[in-house]
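What follows is a short report on a single structure.
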Amino acid sequence: MDKPIYVTQPSLAPLEEFNEYLQQIWTSGIMTHNGPLLQRLEKEVSEYEGVTDTICVANGTCAMQLAIRAMDLQGEIITTPFTFIATANSITWERCKPVFVDVDPETWNIDSETIEAAITDRTVAVLPVHVFSAPCDVVRIQEIVDQHGLKVIYDAAHAMCVKVNGKSIMSYGDVSCTSFHATKLFNTCEGGACFAGNLELAARIRRMRFFGFDEHKEIVDDGMNAKMTEVSAALGLANLKHLDEVRKHRREKYELYQSLLADRDYIAFQKFDPEEYNYSYMPVLFDTEERLFQTLGEMAAENIYPRRYFYPSLHDISLFEGTELPVATSVAARIACLPLYNDLPDSTIETICQMIKVGA
Ligand SMILES: Cc1ncc(COP(=O)(O)O)c(C=O)c1O
């Protein structure tokens with residue numbers, strides 16, 4: 001390839017459409033502090049997702065920190081190790097302890113049947129991740145937390161647009177937190193959001209993201225600065241109009257990969273319901289780490305750069321090591337995400353698939 005092919009590229013609305021919103025900022029002179037574009041974005045995301053309320057924040061990591069703080073959680077939080085480090089950062093930065101349990105070998109999400117054995121008298125919550133947007137077993141997880149009086153916070157960083165049983169995935173758990181980072185299907189450059197069904201909890205998260213001010217500008221709570229700027233909200237408003245199209249294109253490209261790789265018996269795809277997935281990533285699981293290395297090496301020689309996501313499994317890094325979770329260790333060592341983004345030519349997908357040889 002003449003130009004490098006990276007694992008992803010941001011999905012961006014035409015610049016003129018972003019400029020129209022920027023013009024409104026230049027006219028109003030309001031750049032932040034829950035301004036008119038932020039309020040409009042919250043309304044439009046709520047309508048898009050079919051939820052009652054969206055609380056936009058500066059990024060997905062602080063969305064999870066706010067959720068933990070707003071529920072006054074202190075103690076152990078059971079989570080998955082097959083995720084980006086931010087999931088664990090948000091727990092440790094709130095002075096809680098992540099307790100990792102193993103993942104399902106096919107969905108790569110937290111194995112809900114391992115949760116109960118990890119519950120102790122210090123456990124306060126469960127924080128599963130809908131990895132690559134495949135929904136966790138939300139029904140079983142709710143049963144477990146209800147039975148043990150725990151909270152559940154979902155890391156839904158990857159999962160915009162996903163519905164489970166006809167309902168937005170964001171409506172599950174005490175709080176769902178998403179990321180609108182540049183690499184996500186829907187992006188505001190940096191950004192994120194909390195979704196909380198409980199009105200009091202939602203109001204507290206709103207206050208906490210804005211230094212603890214209430215709607216009368218009185219300081220009534222312990223807060224921080226987790227506001228989303230008007231510039232990010234402007235980008236979000238422009239990008240939101242194209243989100244259905246973006247998801248549709250990604251799905252077509254995902255399915256092209258799937259059909260071209262169907263006869264490679266040494267790679268497997270993530271298990272998910274095709275209607276409950278947003279196709280933002282193209283993860284494949286190799287049978288061995290050696291084969292993954294060999295393929296990555298051959299692609300790099302052609303200027304193509306898939307990426308290992310998420311390696312190593314967090315329970316194996318020096319910060320947290322001490323637990324043996326064989327499925328997570330093995331899966332994390334063998335997964336790579338192939339390039340997937342809207343302008344990726346089908347011919348490049350064909351070239352990539354030819355490099356993953358039949359019966360190699
Ligand atoms: C699973 C997961 N959780 C949390 C985050 C953190 O989101 P942000 O970068 O918006 O803080 C990311 C990625 O960025 C992620 O992939």
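One table, with the values for the structure above:
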| item | result |
| --- | --- |
| Qualifying residue in the range 238-247 (condition: within 19 Å of GLU49 (Cα to Cα), buried (at least 17 other Cβ atoms within 10 Å of the Cβ) and within 16 Å of the ligand (Cβ to nearest atom)) | yes |
| Strands (runs of 3 or more DSSP E) contained entirely in the range 54-143, each with at least 2 residues that are crowded, with 24+ Cβ neighbours inside 10 Å, assigned by TED's automatic domain parsing to the domain that holds TYR154 and more than 16 Å from the ligand (Cβ to nearest atom) | none |
| Test: residue in the range 332-339 that is within 29 Å of ASP137 (Cα to Cα) and in contact with a Lys or Arg (Cβ under 6 Å, 6 or more places away or on another chain) | yes |
| Criterion (in contact with a helix residue (DSSP H, G or I) (Cβ under 7 Å, 6 or more places away or on another chain), within 15 Å of the ligand (Cβ to nearest atom) and either outside the structural domain of PHE84 (by TED's automatic domain parsing) or modelled with pLDDT of 95 or more (or both)) met by exactly one of PHE186, PHE213 | PHE186 |
| Filtered residue count, the range 164-198, keeping only those that are within 21 Å of ARG209 (Cα to Cα), part of a strand (DSSP E or B) and out of contact with any strand residue (DSSP E or B) (no Cβ under 7 Å at 6 or more places or on another chain) | 0 |
| ASP174 within 30 Å of GLY236 (Cα to Cα), of a type outside the set (A, V, I, L, M) and more than 11 Å from the ligand (Cβ to nearest atom) | yes |
| Every pair of residues 6+ apart whose Cβ atoms lie under 6 Å, when the first sits in the range 153-177 and is within 23 Å of ARG204 (Cβ to Cβ) while the second is of a type in the set (S, T, N, Q) | TYR154/SER176; ASP155/THR87; ALA156/SER176; ALA156/THR178; ALA157/THR178; ALA157/SER179; MET170/SER176 |
| Yes/no for GLU44 being more than 14 Å from the chain's Cα centre (by Cα), free of Cβ contacts under 8 Å to residues at least 60 places away in the same chain and part of a helix (DSSP H, G or I) | no |
| Subset of the range 187-214 [over 17 Å from ASN225 (Cα atoms) and surrounded by fewer than 24 Cβ atoms within 10 Å (Cβ to Cβ)] | ASN187, CYS189, GLY197, ASN198, LEU199, GLU200, LEU201 |
| Boolean, ALA193 is more than 15 Å from the ligand (Cβ to nearest atom) and hydrophobic (A, V, I, L, M, F, W, C) | no |
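The values are calculated or read from the model by the stated rules, or taken from the named source; none is laboratory data. The structure presented is a predicted model; accordingly, all values stated were derived computationally and were not measured. So basically every Cβ, Gly included, is an ideal-geometry build from the backbone, and we count neighbours across all protein chains shown.
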